[in-house]
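A.B. asks: Provided herewith is a single structure, encoded as structure tokens, for subsequent inquiry.
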Amino acid sequence: AAEVREASATGPALKPPATCRPGTIKGAAWTVLAEAGVEGMTAAEITEKMNDLGLKTMSQGPKTPEASVNGALSRDSFVFEKVGKHKYALRVICSWHRRQKAADEKSGDKGEGETKEAKPKTPVKKEAGEAGAAKMEVDGEEEGG
């Protein structure tokens with residue numbers, strides 16, 4: 001039973017994606033990481049928290065529970081973002097924090113009272129390659145024709 005959280009000043013709206021169904025490793029990890037925030041958690045911490053909350057009981061199989069969690073999360077990079085060695089966070093939370101940081105920096109630049117001088121845009125010269133050479137030939141034909 002994953003919670004849906006509305007967007008606020010402290011974080012983005014959170015709704016589990018279809019790939020994170022309840023009762024699965026990804027579903028349980030999504031629920032745990034939603035509470036962890038942008039710092040994220042290691043696969044071992046996620047596994048321990050999943051077991052503590054009773055979200056998914058990880059038994060010893062061919063792989064350790066941590067390896068199972070790490071493998072499941074590493075294959076879904078649209079939902080989970082690797083923020084360290086075997087450490088993951090929800091991509092939506094990381095993206096939200098990056099956007100907030102960029103917005104804060106942008107508003108901080110304007111608030112200092114210093115204005116940056118606008119540099120006039122100069123055309124960028126392209127090196128003559130195959131596409132450039134073909135364009136020059138076409139231009140030459142149009143001018144001569």
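A.B. asks: Net charge near ASN51: determine it from the other residues with C-beta under 13 Å of the C-beta of ASN51, scoring Lys and Arg +1 and Asp and Glu -1.
C.D. replies: Cβ neighbours under 13 Å give a net charge of -2.
A.B. asks: Would you mind working out the accessible area per residue for the stretch 25-105, using a 1.4 Å probe, and quoting it in Å²?
C.D. replies: It amounts to 55 Å² per residue over the stretch 25-105.
A.B. asks: Collect residues whose amide H, placed 1.01 Å from N in the peptide plane, falls under 5 Å from the amide H of PHE80; neighbours closer than 5 in sequence don't count.
C.D. replies: ARG91
A.B. asks: Ok, one more. So between ARG21 and ALA67, what do we pick up on full extension, going 0.36 nm a residue minus the alpha carbon distance?
C.D. replies: Working it through step by step, the gained length comes to 14.6 nm.
A.B. asks: Let me ask something additional. For a quick check: with amide H placed at 1.01 Å from N, whose amide H comes under 5 Å from LYS87's, ignoring anything fewer than 5 positions away on the same chain?
C.D. replies: Residues meeting the amide H criterion: none.
A.B. asks: Continuing with the same structure: Apply the Karplus curve 6.51 cos²θ - 1.76 cosθ + 1.60, θ = phi - 60°, to the phi angles in the stretch 33-41 and return the couplings in whole Hz, x for Gly and Pro.
C.D. replies: 6, 4, 7, 6, x, 6, 5, x, 9
A.B. asks: Let me ask you something else. Once phi is turned into ³J(HN,Hα) by the Karplus curve 6.51 cos²θ - 1.76 cosθ + 1.60 with θ = phi - 60°, what whole-Hz value does each residue of the stretch 21-29 show in order, with x for glycine and proline?
C.D. replies: Rounded to whole hertz, the list is 6, x, x, 9, 4, 5, x, 5, 5.
A.B. asks: With every protein chain in place, what's the accessible area of ILE93 (1.4 Å probe, Å², nearest 10)?
C.D. replies: We get 10 Å² for ILE93.
A.B. asks: With point charges of +1 on the Cβ of Lys and Arg and -1 on the Cβ of Asp and Glu, referenced to the Cα centre of the stretch 25-105, which listed residue (ALA89, LEU33, SER77) lies farthest in the positive direction of the dipole?
C.D. replies: With unit charges placed on the Cβ atoms, the residue in question is SER77.
A.B. asks: Here is a follow-up. In debye, nearest 20: dipole of the stretch 25-105 around its Cα centre with unit charges on the Cβ of K, R (+) and D, E (-)?
C.D. replies: 300
A.B. asks: While we're here: Round to a whole number: what % of the accessible area of the stretch 25-105 belongs to carbon and sulfur, probe 1.4 Å?
C.D. replies: Its accessible area is 51 percent carbon and sulfur atoms.
A.B. asks: Additional query: Once R0 is set to 22 Å, what does the formula 1/(1 + (r/R0)^6) return for the Cβ-Cβ distance between ALA103 and ALA13, expressed as a FRET efficiency to the nearest 0.05?
C.D. replies: With a Förster radius of 22 Å, E is 0.85.
The values are calculated or read from the model by the stated rules, or taken from the named source; none is laboratory data. The model shown is predicted, which means the values in this text are computed figures rather than measured ones. Neighbour counts are summed over all protein chains in view; Cβ atoms, including those assigned to glycine, are modelled from backbone coordinates with ideal geometry. Accessible surface areas use protein heavy atoms only, side chains included; no ligands, DNA or RNA. Shrake-Rupley method; radii C 1.70, N 1.55, O 1.52, S 1.80 Å.
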